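The structure appears right after this line, and notes come after that.
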Amino acid sequence: MSHGPLVIAGRQVQPGSHARVDVPLPCLYTQTSVFMPVHVVHGQRPGPRLVVTAAVHGDEINGVEIIRRLLQQRALAHVRGTLLAVPVVNVYGYIRQSRYLPDRRDLNRCFPGSDRGSLAARLAATLVREVLDGATHGIDLHTGALHRENLAQVRVSLNTDARLTPLAQAFATPIILDAEVRPGSLRAVAAARNIPMIIYEGGEALRFDEVAIRAGLRGVLGVMRHLGMIPERSRRAPSKPPLVARSSLWVRANQSGVLLSLAQLGASVKKDDTLGIISDPFRPADEAVTAPDDGILIGRTNLPLITEGEALYHIARIGNRDTATGQTGDDRHILDPEDELNQSIV
Ligand SMILES: [Zn+2]
């Protein structure tokens, strides 16, 4: 059984071939042309159509490297179905080393976008039309914000689609965070089109994190195996099932100062454990920053200079063991939707 060519930006990609298609975008004010390169690995055999996107936030570059390594995998030569990989979605932010677009919009609040809207809306609409429409599954690769480091983790809204839990488990990060879909995000537009999409988070903006890159690559390949796009490995190392966090909370600074951080990402913390100490050369008294609840440390600031109210630590609550079933009403995550640094939570 064969399937037909895939058409993207007016170009046909034949089954059994790999092409890079440069999707045109609005040019720079220098009249310099701008394209969003899309790698199309179109298998000889029909199967799922998986979309993998990175740098929707232009400064989140671990995913760019994850996709580069993904495209080198020999298993892709005989892929079943189609891989559409977009190493840099927000090309404008990427070349400016910025999370945002030149108009300061966050692309991940502008989906599904519009061809007559803002630059962000036009970019969003182009991605949806040329890449997302027709996909069967999606993975969107992110990192923490500037100076914010995330433990490698999958974020997914577990109760919205029964296909999401097995995808998240196939990605096999140590922790899965049940996170609501944010309106205007790529994940939201995927959900609206009935395309199960998971988010991978790992590392921080504008930095390569080798551990997060490897975990991300392994995760994408795990999903492709789960979907039958590439063969299972003959010998699989047994891995522990991921912990599922039903909720998470941020620990904020009660005062301004200099943070001496003690807790490491991935640490299991108990209520009242000291996570760090706020100190500085101007005052005699130090203040301990303590954990308000038990959990796993999944994010933290790496910049010691902090201002009162700033979010310092992100703790995932591991409730009800690791069953990926219902979310209880009183145990929902309390991510602050207005918080700047939560903007990597999509
Ligand atoms: Zn992001």
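Points worth noting:
- Some residue of segment 83-97 being loosely packed, with under 15 Cβ neighbours inside 10 Å, hydrophobic (A, V, I, L, M, F, W, C) and part of a strand (DSSP E or B): no
- Selection count where residues are farther than 22 Å from Pro174 by Cβ and modelled with pLDDT of 95 or more, scope segment 277-291: 5
- Selection count where residues are in contact (Cβ under 8 Å) with a residue 40 or more places away in the chain and in a loop (DSSP other than H, G, I, E, B), scope segment 238-254: 7
- When segment 158-173 is limited to residues that are within 15 Å of the chain's Cα centre (by Cα) and either part of a loop (DSSP other than H, G, I, E, B) or β-branched (Val, Ile, Thr) (or both), the one that is nearest to Ala215 (Cα to Cα) turns out to be Thr173.
- If only residues of segment 43-87 that are charged (D, E, K, R), closer than 14 Å to Leu227 by Cα and touching a residue at least 60 places away in the same chain (Cβ under 8 Å) are counted, the one that is nearest to the ligand (Cβ to nearest atom) is Arg49.
- Against the test of being within 14 Å of the ligand (Cβ to nearest atom), in a helix (DSSP H, G or I) and buried (at least 24 other Cβ atoms within 10 Å of the Cβ), the options Arg187, Arg155 yield a single qualifying residue, Arg187.
- Inside segment 294-307, residues that are over 19 Å from Lys240 (Cβ atoms) and either at pLDDT below 95 or aliphatic (A, V, I, L, M) (or both) make up a count of 3.
- Residue within segment 226-236 that is assigned to a loop (DSSP other than H, G, I, E, B), touching a Pro at 6+ places or on another chain (Cβ under 8 Å) and among the small types (Gly, Ala, Ser) present: yes
- Restricting segment 104-129 to residues that are over 16 Å from the mean Cα position of the chain (by Cα) and either within 16 Å of the ligand (Cβ to nearest atom) or at positive phi (or both), the residue that is surrounded by the most Cβ atoms within 10 Å (Cβ to Cβ) is Ala124.
- Some residue of segment 33-42 being exposed (fewer than 15 other Cβ atoms within 10 Å of the Cβ) and under 24 Å from Met224 (Cα atoms): yes
- Here Gly266, Gly219, Gly257, Gly299 are screened, and the one residue that is more than 28 Å from Ile61 (Cβ to Cβ) and touching a residue at least 40 places away in the same chain (Cβ under 8 Å) is Gly257.
- For segment 16-37, the set of residues classified as aromatic (Phe, Trp, Tyr) and not in a strand (DSSP E or B) consists of Tyr29 only.
- Of residues in segment 130-152 being charged (D, E, K, R) and within 15 Å of the ligand (Cβ to nearest atom), the one nearest to the chain's Cα centre (by Cα): Asp140
The values are calculated or read from the model by the stated rules, or taken from the named source; none is laboratory data. Keep in mind that what you see is a predicted model, and the values were worked out from it rather than measured. Counting neighbours? That spans all protein chains shown, and the Cβs are built from the backbone with ideal geometry, glycine included.
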